[in-house]
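Engineer: Input: one structure, supplied below.
The values are calculated or read from the model by the stated rules, or taken from the named source; none is laboratory data. Please read these numbers as outputs of a predicted model, since none were measured by experiment. Using ideal geometry, Cβ is built from the backbone for each residue, glycine included, and neighbour counts are taken over all protein chains shown. Protein only, heavy atoms only, side chains kept; ligands, DNA and RNA dropped before computing areas. Shrake-Rupley method; radii C 1.70, N 1.55, O 1.52, S 1.80 Å.
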Amino acid sequence: MKQTRKFKLATLSVALMATAPAAFAQSNVTIYGVLDVFAGYQNTTVGGKNTSLTAMGNNGEMTSRIGFKGTEDLGGGYKASFNLENGFDPSTGAQQNTYRLFDRQSWVGLGGGFGEVRVGRQNSPMFAYSGNMDAFGAATYGSAYNNFSNWIARVDNDISYISPKFSNSTLELHYSLGEKTDSMAANSVYQLGFQTQQGPVYFGTAYVNANNSTNTVNVKQFMAGGNYDYGNGKIYLGFFRTNEVISSTTGNALTNPAGKYDPTGSVVGTVAGNYHNTYSLSADYRITPSLTVGAGGGYIKDSSSLNNNAKQFSLIANYDLSKRTRLYTVLSRLSNQNTAAYKMTGASLTTTQALSPQAGANETGFQIGIRHLF
């Protein structure tokens, strides 16, 4: 009887040992998010009339979101990872985009010593790098870099490779499947990104080539910029260039619900060979560990005969109540020239929370808000 019991215990021990690697593989899931709400005021000319809007807005400095991310240690130096992220409007509780649940990110990946491969809906390198090139974080009413540029924020059906870090630098390659039966190039998006941190200097650059659904229009965009940490703050530089065929694209190439341009105001044309170049210079200064102030401006140059140029100058103040909670305020003035109609868009505003100036009109904006991370 005792021998039989010992045999059973030994057999159970062996079985548990055999399954131990799977049972005790290290894994974790993190729930995180952002709540960003502000009171905003905008004034401009619409339909020949002086028009003002005061609204409870969201997504001033960052887009409000809830996300789920996790990793699993697969052993042998390999890991699986995923990220699901939903944008929403905390002022109403509504989804940011009603046509998809995880509108911001939805991908799964496999990583190791070779780097990481991810598949699914992913942020673009331009979106990921842009906040490092602007004292306004490429957001708020005050970011000329954001208001004048229209980089692709994220892409569906994306296959990406992110290199392991080398010399404090990373390289990433992206290819988005167009999923068209008659052409692999149609509706596809190609991206290349590189960023590096060398002491107090950060530099990033990215390139995008996006095709429309019939492969008859190609959107080509280039970004470069960075910042220098001088001790009590940073100085930021940003450059963005895009060809003027944006409003002709369809499909997943430039799906952007926020809309950083207004084709009806001839901000973006459809003439191949013409370009818009955006230049941005800004800086911030840390007065106390909690209080930072900043200022900056930008200019967009239209290479076409329309000369639809625009410029903007802004001020910002951030006060950190804690590591997770921040108060912020922004004052900004945007000036459109000729028939340009650029507007202040924040991180990702809905159309009801922002005014669209008529062609050639100027715009003034003021924000005061709170941002909480969890």
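Engineer: Determine whether Lys311 is under 18 Å from Gly297 (Cβ atoms), of a type in the set (Lys, Arg), touching a Phe, Trp or Tyr at 6+ places or on another chain (Cβ under 9 Å) and at pLDDT 95 or above. Spell out how you get there, then give the answer.
Structural biologist: Values: under 18 Å from Gly297 (Cβ atoms): yes; of a type in the set (Lys, Arg): yes; touching a Phe, Trp or Tyr at 6+ places or on another chain (Cβ under 9 Å): yes; at pLDDT 95 or above: yes.
Answer is yes for this residue.
Engineer: Just give me the residues in the range 93-110 being in contact (Cβ under 8 Å) with a residue 12 or more places away in the chain and either out of contact with any Gly (no Cβ under 9 Å at 6 or more places or on another chain) or open to solvent by 70 Å² or more (accessible area, probe 1.4 Å) (or both), in sequence order.
Structural biologist: Hits for the range 93-110 are Leu101, Val108, Leu110.
Engineer: Kindly indicate whether Phe82 is open to solvent by 50 Å² or more (accessible area, probe 1.4 Å) and either of a type in the set (D, E, K, R) or under 30 Å from Gly111 (Cβ atoms) (or both).
Structural biologist: When the stated conditions are applied, Phe82 passes them.
Engineer: State whether the residues of the range 336-352 include one that is charged (D, E, K, R), closer than 25 Å to Ile152 by Cβ and open to solvent by 50 Å² or more (accessible area, probe 1.4 Å).
Structural biologist: no
Engineer: For the range 38-70, name all the residues that are in contact with a Gly (Cβ under 6 Å, 6 or more places away or on another chain) and aliphatic (A, V, I, L, M).
Structural biologist: Ala55, Ile66
Engineer: Sort out which residues of the range 335-346 are under 14 Å from Lys301 (Cα atoms) and of a type in the set (A, V, I, L, M, F, W, C), and write them in order of number.
Structural biologist: Ala340, Ala341
Engineer: How many residues does the range 298-317 contain that are in contact (Cβ under 8 Å) with a residue 12 or more places away in the chain, open to solvent by 20 Å² or more (accessible area, probe 1.4 Å) and on the phi < 0 side of the Ramachandran plot?
Structural biologist: 8
Engineer: Name the one entry in Gly346, Gly296 that is touching a strand residue (DSSP E or B) at 6+ places or on another chain (Cβ under 8 Å) and modelled with pLDDT of 90 or more.
Structural biologist: Details: Gly346 fails: modelled with pLDDT of 90 or more.
Selected residue: Gly296, the only one of Gly346, Gly296 that is touching a strand residue (DSSP E or B) at 6+ places or on another chain (Cβ under 8 Å) and modelled with pLDDT of 90 or more.
Engineer: Follow-up. Which of the residues belonging to the range 32-55 are touching a residue at least 40 places away in the same chain (Cβ under 8 Å) and open to solvent by 80 Å² or more (accessible area, probe 1.4 Å)?
Structural biologist: Correct list: Tyr41 only.
Engineer: Out of the strands (runs of 3 or more DSSP E) lying entirely within the range 288-359, which hold 1 or more residues that are within 21 Å of Phe127 (Cα to Cα) and touching a helix residue (DSSP H, G or I) at 6+ places or on another chain (Cβ under 7 Å)?
Structural biologist: On the way: elements: 291-302, 310-320, 325-336.
Answer list for the range 288-359: 291-302, 310-320.
Engineer: Can I ask one more? Can you find, within the range 119-133, the residue that is surrounded by the most Cβ atoms within 10 Å (Cβ to Cβ) among those that are touching a Lys or Arg at 6+ places or on another chain (Cβ under 9 Å) and more than 27 Å from Asp229 (Cα to Cα)?
Structural biologist: Gln122
Engineer: Here's another thing I want to ask about it. Of all residues being at pLDDT 95 or above and open to solvent by 40 Å² or more (accessible area, probe 1.4 Å) in the range 272-289, which is nearest to Asn227 (Cα to Cα)? Just the residue, please.
Structural biologist: Only one residue tops the list, namely Leu281.
Engineer: Follow-up question, since we're still on this one. Filter the range 313-347 for residues that are polar (S, T, N, Q) and under 23 Å from Tyr279 (Cβ atoms); which is nearest to the chain's Cα centre (by Cα)?
Structural biologist: Per the criteria, the residue is Thr345.
Engineer: If you go through the range 207-217, how many residues are without any contact (Cβ under 8 Å) to a residue 60 or more places away in the chain, open to solvent by less than 50 Å² (accessible area, probe 1.4 Å) and assigned to a strand (DSSP E or B)?
Structural biologist: 3
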